[in-house]
Amino acid sequence: MPTKNFRMGKFDGAEKISGETLAANIEKRGGKTKHGCHTGCIIQCSQVYHDKDGKYLTTGFEYETIWGFGADLLVDNLDDIANMDRTCDEAGMDTIEMANTMAMAMEAGIIAWGDGKGVLAELAKVGTKDPLGRIYGNGTAYTAQAFGVDRVPVVKNQALPAYDPRAVKGVGVTYATTPMGADHTAGYGVCQNVLKCGGDVDGHKKEGNIEISKNLQVATAAVDSLGLCLFVAFAVLDDARGVPCMAKLVSGLIGKDYSVDELVGMGVNCLKDELDFNKRAGFTDADDQLPRFFQTELLPPHNVGWDYTAEELQAAKV
């Protein structure tokens, strides 16, 4: 769990913001521990979170959000984090980007580490004429540049999500090489590195992680292109019937046979289009790398590092 802007991999206040604490609060306050984002959803990954008075506070309160406004900022008050989530939802702000943006404000000394109320006050400035709010609204990289911060967790100017790439190298390869910038959903190496879903690849070592990232990026591009919920990917990874079932779904839609090879080819072609767009937009192989501090600092408590070269990472691209 990246902590204090990716300085550590363990947060002392983790129990206070854990999924177990989240569920206990929801049950005690009359919310919902599972909630579908649309009619017919069988996964029910969302939930409804109430405040201490039993009044609605926020929904879709995700791990990434709780990590970003919690462990990464040293905030251990779940209700404060829920208010940060709601503030972002109401203003249309991405919580991963804004949590990392607040980390830049902490690096600059504008907010003290762990000051949840201070974060809420700064977030409220976005969308107003306040000069700081205008800076924050441009995201992590812009805010870091404005404040002179050089510890900036972004790839292609997109802020990193809630897995440290040094300890979960499969998703680290994805951060570095996906055309979209740091995006865990583009090739969720956490599956094999942590969850052991669809295989078992050690996230602390280099071996095998470029391959799983590449394969997951292709599969994810296909899933996204079909408009399917990304959580079906877990079923696809853990059941040999998953990919053939997806191909049959397409066959039923278009009225003719659609093979597994064609499905995979769709994912490959999607990524090729995205990479071609990036190349024409001026991105080069040098942009397919993590920020320098990941390469120079070991991550406690396991003291693992990031040691892929930009050249090695090109093998993850189609």
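The values are calculated or read from the model by the stated rules, or taken from the named source; none is laboratory data. The shown structure was predicted, so the numbers you read here are calculated from the model rather than taken from an experiment. Note: ideal-geometry Cβ built from the backbone for every residue, glycine included; neighbour counts use all protein chains shown.
For the range 261-282, check the following and say yes or no: at least one residue is modelled with pLDDT of 95 or more and in contact with a Lys or Arg (Cβ under 7 Å, 6 or more places away or on another chain). Yes - at least one qualifying residue is present in the range 261-282.
Whenever a residue of the range 235-262 is in contact (Cβ under 8 Å) with a residue 40 or more places away in the chain and surrounded by 14 or more Cβ atoms within 10 Å (Cβ to Cβ), its partners that are outside any helix (DSSP H, G or I) and hydrophobic (A, V, I, L, M, F, W, C), lying with C-beta atoms within less than 8 angstrom and at least six residues away or across chains, give the pairs 237/197; 238/197.
Scanning the range 116-131 for any residue that is closer than 23 Å to residue 286 by Cα and either outside the structural domain of residue 200 (by TED's automatic domain parsing) or basic (Lys, Arg) (or both) turns up nothing.
Kindly list the number of the only condition in (1) touching an Asp or Glu at 6+ places or on another chain (Cβ under 8 Å); (2) within 26 Å of residue 229 (Cα to Cα); (3) part of a loop (DSSP other than H, G, I, E, B) that fails for residue 110. For residue 110, the failing item is (2). Any idea which residue in the range 266-318 is surrounded by the most Cβ atoms within 10 Å (Cβ to Cβ), counting only those that are among the acidic types (Asp, Glu) and over 20 Å from residue 170 (Cα atoms)? Of everything passing the filter in the range 266-318, 274 is surrounded by the most Cβ atoms within 10 Å (Cβ to Cβ). Could you pull out the residue among 93, 1, 84 that is in contact (Cβ under 8 Å) with a residue 24 or more places away in the chain, more than 30 Å from residue 134 (Cβ to Cβ) and outside any strand (DSSP E or B)? Checking each option against the conditions leaves just 1. Within the range 46-81, the set of residues being more than 22 Å from residue 122 (Cα to Cα), touching a Lys or Arg at 6+ places or on another chain (Cβ under 7 Å) and either surrounded by 22 or more Cβ atoms within 10 Å (Cβ to Cβ) or among the hydrophobic types (A, V, I, L, M, F, W, C) (or both) comprises just one member, 48.
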